[in-house]
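Working notes for the structure below.
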Amino acid sequence: MDAQFWDMKWQKNQIGFHLSAVNPLLVKYFPILELKEGARIFVPLCGKTLDIHWLLQRGMKVVGVELSQIAVEQLFSELGITPQISQVASNMLCFKAENLSIFVGDIFALSRALLGCVQAIYDRAALVALPPAMRITYAEHLIDISGKVEQLLVTLGYDQSCIAGPPFSVTQQDIQRYYGADYAITCWDNTSVAGGLKGGVPATESVWLLKPE
């Protein structure tokens, strides 16, 4: 992970990737996970997403990981929560409050022991943030540290030759290659992105349910 790249984005407030509202696809499709109140859900590369606010309001316990400490500090500030901060590894902090734990550091340094037990993964911003060369390693790591729990995955599809990522385009074939050996993969939605990406490049946002096999 290019920590310097992402930290600079947050320092300069170049966070066009941060949505100013809860992702409507999360609201629409979260029920397909069939999680009970109090379930613990993992949000990789979470930033300060408002999706976390929504999940907490639905009675979920949320655990995330994020490279930028600035993003995590802003998340807790906007929630109106004062976290307890601890050094959980040489290269990892944990910001913790009731029902919310966010690790600050590289996701590849996050172990299964640190993460703890989770019932599901919500990946809206992680897979699409990674260049192709890193994605198989990411998928394998995610499966390992989570214990291969089910996933609600949101991806973007567009002509990658038109603009450079991130966010990167991820195809159905890509998802099958990363996760097909471990999950049954179902596409629940394909929605055109209003206004396109970065100057109007046509794009589609897709929702996938990954069920362990």
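Read the figures in this text as sums done on the coordinates, not as results from a lab. Nothing here was measured: the structure is a model prediction, and the numbers come from that model. Cβ sites come from the backbone with ideal geometry, for glycine too, and all protein chains shown count toward neighbours.
Things worth noting here:
- Cα extents of the range 15-106 along the three principal axes, largest first (Å): 38, 30, 24
- Spacing of the modelled spin labels on Lys198 and Gln69, each 7 Å from Cα toward Cβ, amounts to 3.0 nm.
- Spacing of the modelled spin labels on Leu79 and Asp189, each 7 Å from Cα toward Cβ, amounts to 2.4 nm.
- Three principal axis extents of the chain based on alpha-carbon atoms, in descending order, are 43, 42, 31 Å.
- Put a dot 7 Å past the Cα of Glu98, heading toward its Cβ, do the same for Ala181, and the two dots end up 4.4 nm apart.
- DSSP bridge orientation in the chain - percent antiparallel, rounded to nearest 5: 65 percent
- Listed from fewest to most Cβ neighbours within 10 Å, the set Tyr158, Tyr122 follows the order Tyr158, Tyr122.
- Between the C-alpha center of the range 150-203 and that of the range 59-94 there is a gap of 27 Å.
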